[in-house]
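Values quoted throughout were computed directly from the atomic coordinates according to the rules given, and no laboratory measurement underlies them. Here the structure is a predicted model, which means the values were calculated and not measured. As a convention, Cβ positions derive from the backbone with ideal geometry for all residues, glycine included, and neighbour counts pool all protein chains shown.
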Amino acid sequence: MTTFTIKSPFGLSKISIEDNGLQKLGAYIAEHHQEARIAVITDNNVAELYHDKIKSSLPNADIFVVEASEKSKSMKVAEALCEDLLEVGFGRNDVVVGLGGGMVTDLAGFVASVYMRGVPYVVVPTTLLSMIDAAVGGKTGVNLGAKNIIGTFYPAEAVLVDQAFLKTLPERELKTGMAEAIKYAAILDASLEEVLMAKKTDYQPILEKCIGAKVKVCNEDLKEGGLRKVLNFGHTLGHAIEFLSHYKLTHGESISIGIVLANQIAQNLGKQTKAHGDRVVEMLKKYNLPTDLPKGMKLAEVIGMVNRDKKMEGEKVTFILSPKMGQYEMVKLTPNELMKYLK
Ligand code: GLY
């Protein structure tokens, strides 16, 4: 078992990478929340695959299933879940478990953080993306006219990461997680390059390196006042692309294109060599991730969306560049400057 800890004003958030995650969930709850009611929030895909295992790990849990769609990340669904919790008599010491990918963990975390001003929250991520990114570091949220406009910082008290879930993960979901892993390689950990290019099926080194990198950042800056902004590499334009594709492109596919655009900006600012940019593109292509804007999507539309980005400060957005593998640089740019450096 490998463990990491994020310390924050919310207490400790313990992330463990270990086998038999669902079984361990039952044991964790029995040890830490013996008397509590448990509400498992999951989606229909995960429920179909793991219903029996959830029931055998947590026989008395209430299971709430949302549609496996980004559309479920809404205030309407969050409100309905809060109503469901109230209806089953859920109280302040009861525990919400988020079991699923990034959509589920963002939504379940949001519900846990606002229901009765916050109840204990435990996460079992089932996708590579949620294991290495969404479930770690306490960002929760729902969408409102753009990605994650309403949300909270609410780190789960425990994150149980088990790579066995990846065996049932569709190929497209796996590669969407790889885009986040490539992000970590490009800006924080050059040693990931070799691991990712080797394309092995043991995900342990990827999990350890990516979660390790994210934990380090979150321990320094949980609320994204400074350093955590680096995790937005590829995301500022990526989120816009994801939204404009009406979520037909996955998060990872969108940030893959966002990373390529960020590299173009870096090169036009003289802050990245073409060779390094090409290497990152090679990594993205290794996992069949898209590197061009989808047909019909206009760059001007994508940049237009940046104005709605919650990371805008006045006229400018902090934009993350990768000058070398494993290194980052922050620059502040206006949407007009983004356009200029992308033409
Ligand atoms: N996904 C970026 C972050 O957690 O800050």
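Could you state the number of Å between the C-alpha centres of the stretch 90-141 and the stretch 1-68?
Cα centroid to Cα centroid, the span is 10 Å.
GluC sites (Glu not before Pro) within the stretch 1-54: which are DSSP loop residues with at most 15 other Cβ atoms inside 10 Å?
The qualifying sites are E18, E35.
How big is the gap, in Å, between the Cα center of the stretch 281-343 and the Cα center of the stretch 157-200?
22 Å
How tilted is helix 251-268 with respect to the longest principal axis of the chain? Cα atoms for both, answer in degrees (0 to 90, nearest 10).
So the helix axis and the longest Cα principal axis differ by about 30 degrees.
How large is the helix-only mean residue ellipticity at 222 nm for the chain, computed as the sum of -39500 (n - 2.57) over DSSP H runs with n ≥ 4, divided by its residue count, in deg cm²/dmol to the nearest 500? Write out the running numbers ahead of the final one.
Details: 12 runs with 150 residues, N = 343.
Here the helix-only value at 222 nm equals -13500 deg cm²/dmol.
Please tell me which of these pairs span more than 32 angstrom C-alpha to C-alpha: K7/K175; K24/K324; K175/K324; K73/K175; K209/K248?
K24/K324
Helix 204-220 versus the longest principal axis of the chain: what is the Cα-based angle in degrees, 0 to 90, to the nearest 10?
The helix 204-220 is inclined about 90 degrees to the chain.
Using the Cα atoms of the stretch 259-331 to build a convex hull, what is its mean projected area in square nanometres?
5.7 nm²
Taking Cα atoms, how many degrees apart are the long axis of helix 44-57 and the longest axis of the chain, rounded to 10 and kept between 0 and 90?
Around 40 degrees separate the two axes.
Let me check I've understood the local charge: for A30, count other residues with C-beta under 14 angstrom from its C-beta, Lys and Arg +1, Asp and Glu -1. What total comes out?
Summing Lys and Arg as +1 and Asp and Glu as -1 gives 0.
Quick one: compute the contact order of the chain, relative version, from alpha carbon pairs under 8 angstrom and 6+ residues apart, as a percent.
Once divided by the residue count of the chain, the mean separation gives 15 percent.
Can you give me the relative contact order of the stretch 21-114 as a percent, contacts being Cα pairs under 8 Å and 6 or more apart?
Normalised by residue count, the contact order of the stretch 21-114 is 38 percent.
What is the sum of charges around L160, taking Lys and Arg as +1, Asp and Glu as -1, for the other residues whose C-beta is under 12 Å from the C-beta of L160?
The answer is -2.
Please list log₁₀ I(q)/I(0) at q = 0.10, 0.13, 0.25 Å⁻¹ for the stretch 206-288, using the Debye equation with identical point scatterers on the alpha-carbon positions.
-0.29, -0.50, -1.19
Kindly provide the trypsin sites (Lys or Arg not before Pro) of the stretch 39-121 that DSSP labels as loop, not H, G, I, E or B, and whose Cβ sees at most 14 other Cβ atoms within 10 Å.
Hits after loop and neighbour filter: R92.
How long are the semi-axes of the equivalent ellipsoid of the stretch 24-159, taking √(5λ) for every eigenvalue λ of the Cα gyration tensor, in whole Å from largest down?
20, 16, 14
Which value, in debye to the nearest 20, gives the size of the charge dipole of the chain about its Cα centre, when Lys and Arg are +1 and Asp and Glu are -1 at the Cβ?
1140 debye
Between S56 and E282, take the C-beta separation as r, use R0 = 35 Å, and let me know the FRET efficiency to the nearest 0.05.
Calculated value: 0.20.
Out of L261, L192, L269, any idea which swings most in a Gaussian network model of the chain, alpha carbons joined below 10 Å?
Top of the fluctuation ranking is L269.
In Å, what Kirkwood hydrodynamic radius results for the stretch 112-187 from the alpha-carbon pair distances?
13.7 Å
Can you tell me which of 276-286, 79-89, 243-253 comes out highest on packing, and rank the rest after it, using the mean Cβ neighbours within 10 Å?
Taking the mean over residues of other Cβ atoms within 10 Å, the ranking is 243-253, 276-286, 79-89.
Can you report the principal axis dimensions of the chain using only the alpha carbons, biggest first, rounded to whole angstrom?
Rounded to whole Å, the extents work out to 59, 39, 37 Å.
At 10 °C and 1.306 mPa s, what whole-number value in µm²/s does Stokes-Einstein give for the translational diffusion of the stretch 126-229, with Rh from the Kirkwood sum over Cα pairs?
Values: Rh = 14.5 Å.
Approximately 110 µm²/s, per Stokes-Einstein.
So, R0 is 41 Å and r is the distance between the beta-carbons of K332 and N20; what FRET efficiency does that work out to, to 0.05?
Calculated transfer efficiency: 0.35.
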